[in-house]
Ligand code: CA
Ligand code: FE
């Protein structure tokens, strides 16, 4: 724990600023209580005429002794932020109680114009497994009070972890009624697996602010539109996030160094750099900002001895798609699909992941990533944008999951705008092989579901009947997954909204699925006899498929 009074009340100037500022907290009750407004650094600052905290506050990536606090000063959020082109001091306070009687860390730091006046503050020296409250002050304005928490101590016995899984929040697809419901849940964490923004133009239920975005300024304004939503702000204010990205944070269906339209080279990488920078600026992530088109975001997050989250990046390093026919993403297979040199994660991330999964010390390995992992035949073909487009790479990961000396594997995914639960077979193509893992797929927060996109209902039941291992599917409803993890079992409650096409809605639970460690071949209890059907369905005839952009 690094804490001195100088650090607690001192000002973090530009020369200390690397984009991710680390400060220490005192033990609870030790820090001097200084009114934030009395900070000498703030006293010399000009007042801002409008509230700069329009995008709210957020926290993220809780460790046992630290958490990331975030805000961005933006009095004119949809037009570049409206801040002067200068450093602006922001005061922060972190307290052990909601009334800020017991302040454990406070000080000031600079919000910099080159980071859109966002701040990423890592507060260290905190106590494990407890709630904290935080707030900021800048330009004479107070931020809302955010609540966050720390993770349990490494290896600690944890009875229960509860988190929400979210993805795909296209503004034009609907209102964030799902976030309104999520804000009322009792959560430790929110896990976001991508499509936090959509890059396109368009109208729909709620119009985007302008056409497709390409530049840093345009991506910033797009994030500002989304983060202005009161329900998204409420969820960020209440729970820490851990986030990865998918394609739409940059461009639909891009793959590494190639755009969806096959564009490569400097123009594409410049766009990717702008998009990655804007993502960093707007999410409460524990990493230094990118300085170009690359940003390593794969990382782990431990929740005591209960769970290790391996947060993956399935976009930045993936090889160019193969077997593409026509302009839709659902394609028949072709021989290139068997090329073992092709990778979804890139060699470095793949090796890192295997090491993390084998490290042990937890009951569950939770793999948080963007695209569907299970084999999913859909409309007579496979979606080359999912793991179905990277068959040998998926099998290499399945081989690691099949090692029963590793913790119980749970894969989390989104992207497909439908919800589902699937068994993961030791051989993805052979449902007679043992079940070695389990996958929970969250539906879209607001993006048009497959059912809404295709103007149909009931596709989930068709998929359940035809896809081996898929025991629940819902392609109609928007919502999120409420996940509960105990040492013995993981449960997913599939939360569904009555509508996202109106500003208010009701929430319900469409299904609950529980999977025990024993069912995955782990633990002392022998796995139950397989109840998986060995019947494989005849492939549906290939239809002309609408362009579907998960
Ligand atoms: Ca996607
Ligand atoms: Fe999506």
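Some points to look at:
- Check on residue 201, surrounded by 16 or more Cβ atoms within 10 Å (Cβ to Cβ) and either at pLDDT 95 or above or under 16 Å from the mean Cα position of the chain (by Cα) (or both): no
- Annotation: residue 207 fulfils all but one of (1) out of contact with any strand residue (DSSP E or B) (no Cβ under 6 Å at 6 or more places or on another chain); (2) within 27 Å of residue 304 (Cα to Cα); (3) surrounded by fewer than 24 Cβ atoms within 10 Å (Cβ to Cβ); the unmet one is (2).
- Residues in segment 361-372 that are in contact with a helix residue (DSSP H, G or I) (Cβ under 9 Å, 6 or more places away or on another chain) and away from ligand 2 (no atom under 16 Å from the Cβ): 365, 367.
The values are calculated or read from the model by the stated rules, or taken from the named source; none is laboratory data. No experiment lies behind these values; they were computed from the predicted model shown. Glycine gets a Cβ as well: all are built from the backbone with ideal geometry, and neighbour counts include every protein chain shown.
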